[in-house]
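Here the structure comes first, spelled out in structure tokens, and everything after it is commentary.
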Amino acid sequence: MAEALEFPKDLWRYLCGPASFLRGQDLASLAGLKKSLKYLGIGISGTIAFSAVNLKFTSLADDAATREALTRKSPVTVAVVLGGLLFALLAHATIAVTGASLGWRRSYAAFAFTLGFVWLIMALVLIFGGWGLQLAIGYPAVALPPFDVATDAHIERTTGNLLWVAFFVTVYLWAIGYALYCYACAVWVAQQPAKWRLGAAVIVPLAVLFVFQEPIARFCLLISDKLGPLVEWVEGLL
């Protein structure tokens, strides 16, 4: 697939300037939308692939449920893609209700590019950050994005441990801030809204997905499982 070969170069271009990269894409065309959706699929597939590799080196390697979830890559990928498209829908709807919409295709394409790149970056930050905590202070911080991994371990409150935790928390906060900046760039380039609309278009979708994350996740997984043949047909068209 040509897009898979172009993805690393475009990822670097995106990291150098999210807004500049998005401005260089034809967001309003069908070809631009198809390319963005393919990049979204590649980014999420890469995220799950990195998690599957990371799983082999963790204490959860023999956990059947976790291994099964990661090996069911296609349904999980489709479910996460649906979640990303729902995010784009909420952001676009927030702009549209104010009468400032420039078209739904621009919103979907901008967010598909953004989420495909950002989620992969965030996954790598979480995975390497987890290993950093393990190597630095022995804390079993296992990261298997897009899945949550709970742990009941406690950190010994020594000065050295607290400094290491503060360092990695700072890295995570920077990554979260960068992700929010990328989301804002997607809205700005796609719709060019006023500042208050821009803020609302980022905050409202995040708030909705946070409050209703469990039912949304179950719904997306249900759709991906039940409509597998239809999804494969659509992927073939893309």
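Table: residues versus (1) in contact with a helix residue (DSSP H, G or I) (Cβ under 8 Å, 6 or more places away or on another chain); (2) at pLDDT below 85.
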site: ALA31; (1), (2): no, no
site: ASN54; (1), (2): yes, yes
site: SER59; (1), (2): no, yes
site: ASP63; (1), (2): no, yes
site: GLU68; (1), (2): no, yes
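Just for segment 163-196: of the residues that are surrounded by fewer than 18 Cβ atoms within 10 Å (Cβ to Cβ) and at pLDDT below 80, which one is nearest to SER36 (Cα to Cα)?
GLN192
For segment 11-27, which residues satisfy the criterion of being surrounded by 15 or more Cβ atoms within 10 Å (Cβ to Cβ) and within 16 Å of the chain's Cα centre (by Cα)?
LEU11, TYR14, PRO18
Is there any pair linking a residue in segment 82-110 that is farther than 19 Å from SER36 by Cα and buried (at least 16 other Cβ atoms within 10 Å of the Cβ) to one that is at pLDDT below 80 and of a type in the set (S, T, N, Q), with Cβ under 6 Å and at least six apart or on different chains, and which?
Once the first residue is farther than 19 Å from SER36 by Cα and buried (at least 16 other Cβ atoms within 10 Å of the Cβ) and sits in segment 82-110, its partners that are at pLDDT below 80 and of a type in the set (S, T, N, Q) give ILE95/SER101.
Can you tell me how many residues in segment 125-138 are in contact with a Gly (Cβ under 9 Å, 6 or more places away or on another chain) and touching a residue at least 60 places away in the same chain (Cβ under 8 Å)? Quick ask: steps written out before the conclusion?
Of the residues in segment 125-138, the ones in contact with a Gly (Cβ under 9 Å, 6 or more places away or on another chain) are 136-137.
Going one step further and asking which of them are touching a residue at least 60 places away in the same chain (Cβ under 8 Å), we end up with none.
Selection size over segment 125-138: 0.
Out of GLY43, GLY84, which single residue is out of contact with any Asp or Glu (no Cβ under 6 Å at 6 or more places or on another chain) and modelled with pLDDT of 80 or more?
The match here is GLY43.
The values are calculated or read from the model by the stated rules, or taken from the named source; none is laboratory data. Source: prediction; values computed, not measured. When we count neighbours, we look across all protein chains shown, and the Cβ atoms used for this are built from the backbone with ideal geometry, even at glycine.
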